[in-house]
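Presented below is the structure to which this report refers.
The values are calculated or read from the model by the stated rules, or taken from the named source; none is laboratory data. Predicted, not measured: the structure shown is a model, and the values here were computed from it. Cβ: placed from backbone, ideal geometry, glycine included. Neighbour counts: every protein chain shown. With ligands, DNA and RNA removed, areas are computed over all heavy atoms of the protein, side chains included. Shrake-Rupley method; radii C 1.70, N 1.55, O 1.52, S 1.80 Å.
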Amino acid sequence: MHALVGVTHLDERLEGLVRPLAASEGLAPSQEALVQEIAAAWARAAGEGLLPAVQLCGPRLETRRAIAAQVCALLGLDSYRMPAAVLPPQPGELARLRRVWDRQAILGERALLLECDDLDRQEAARESALALWLEGGFSPTILSSRERRAPPGRALLSYDVPKPSTGEQRGLWQATLGGEAARLDGHLERLVAQFELEASAMRSAWALSLIHISEPTRQDTRSRMPS
């Protein structure tokens with residue numbers, strides 16, 4: 001009913017389980033290439049029956065989220081994320097939740113990022129729930145995990161997220177620092193050599209540095225104020 005009158009909102013049964021996936025920028029060129037590759041694979045498969053699920057593997061959660069968000073944006077899909085650990089192990093409840101999500105995905109052109117980092121491989125009921133979700137669902141789905149998983153059922157396209165190369169890290173630092181990069185006087189090369197950081201970690205580190213840089217200025221200002 002809401003979709004027919006142009007009102008877009010998630011079913012209340014998904015509240016607390018599914019959250020919008022924030023848009024992100026600053027991927028390395030090799031990671032941008034992976035975005036293009038995945039989007040092209042999904043576009044080719046769109047008219048060939050059941051859309052295969054995609055699996056993103058790598059050590060950094062934020063990078064996997066950024067790649068998933070950009071893939072969905074390229075294909076005109078609204079992206080959401082959900083921890084796989086919240087999938088109900090009871091088959092009946094799982095089937096009801098999946099029907100609710102599939103309906104929302106169809107009506108609103110939405111894709112789901114299932115995050116498996118906190119899913120214990122030793123919990124057979126949870127692993128079975130993940131397999132059943134993939135087997136019975138047909139909406140665009142991306143699995144996110146540190147290591148590759150092999151749930152049975154639905155076809156799965158697996159991709160390892162590449163780490164930024166030394167040159168890519170240098171470019172990301174320069175983009176993050178902007179005009180300040182030229183003032184580092186060789187320290188940028190030491191940053192690149194000493195740390196292996198993704199773009200999101202670089203932005204966080206630079207924001208924290210700006211706070212520390214400005215703190216002495218604020219303290220100095222306060223010391224000059226009349227008592």
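The single condition among (1) among the polar types (S, T, N, Q); (2) in contact with a helix residue (DSSP H, G or I) (Cβ under 8 Å, 6 or more places away or on another chain); (3) not in a helix (DSSP H, G or I) that Gln36 does not satisfy is (3). Any residue at all in segment 193-202 that is more than 18 Å from Gln70 (Cβ to Cβ), open to solvent by 10 Å² or more (accessible area, probe 1.4 Å) and at pLDDT 80 or above? No, because not a single residue in segment 193-202 is more than 18 Å from Gln70 (Cβ to Cβ), open to solvent by 10 Å² or more (accessible area, probe 1.4 Å) and at pLDDT 80 or above. Out of everything in segment 120-157 that is of a type in the set (A, V, I, L, M) and assigned to a loop (DSSP other than H, G, I, E, B), what residue ends up being least open to solvent (accessible area, probe 1.4 Å)? If we take residues in segment 120-157 being of a type in the set (A, V, I, L, M) and assigned to a loop (DSSP other than H, G, I, E, B), then Ala155 is least open to solvent (accessible area, probe 1.4 Å). In this structure, Ser24 does satisfy being surrounded by fewer than 21 Cβ atoms within 10 Å (Cβ to Cβ) and assigned to a loop (DSSP other than H, G, I, E, B).
Filtered by the rule that a residue be within 16 Å of Glu115 (Cα to Cα) and not in a strand (DSSP E or B), segment 72-88 gives Cys72, Ala84, Ala85, Val86, Leu87, Pro88. For segment 33-64, a tally of residues being modelled with pLDDT of 95 or more, under 21 Å from Trp173 (Cα atoms) and open to solvent by 40 Å² or more (accessible area, probe 1.4 Å) returns 1.
Only residues that are touching a residue at least 60 places away in the same chain (Cβ under 8 Å) and outside any helix (DSSP H, G or I) were counted across segment 39-71, and they come to 11. The C-beta contact set for segment 75-86 (first residue over 23 Å from Arg44 (Cβ atoms), second residue crowded, with 17+ Cβ neighbours inside 10 Å and of a type in the set (S, T, N, Q), distance under 9 angstrom, 6+ apart or interchain) comprises Tyr80/Gln104; Arg81/Ser144; Ala84/Ser144; Ala84/Ser145. Within segment 100-109, one or more residues are in a loop (DSSP other than H, G, I, E, B) and touching a residue at least 12 places away in the same chain (Cβ under 8 Å). Here Leu94 fulfils each of the conditions (1) surrounded by fewer than 16 Cβ atoms within 10 Å (Cβ to Cβ); (2) assigned to a helix (DSSP H, G or I); (3) more than 21 Å from the chain's Cα centre (by Cα) apart from (1). Among the residues of segment 158-169, those identified as surrounded by fewer than 16 Cβ atoms within 10 Å (Cβ to Cβ) and not acidic (Asp, Glu) are Ser158, Pro162, Ser165, Thr166, Gly167.
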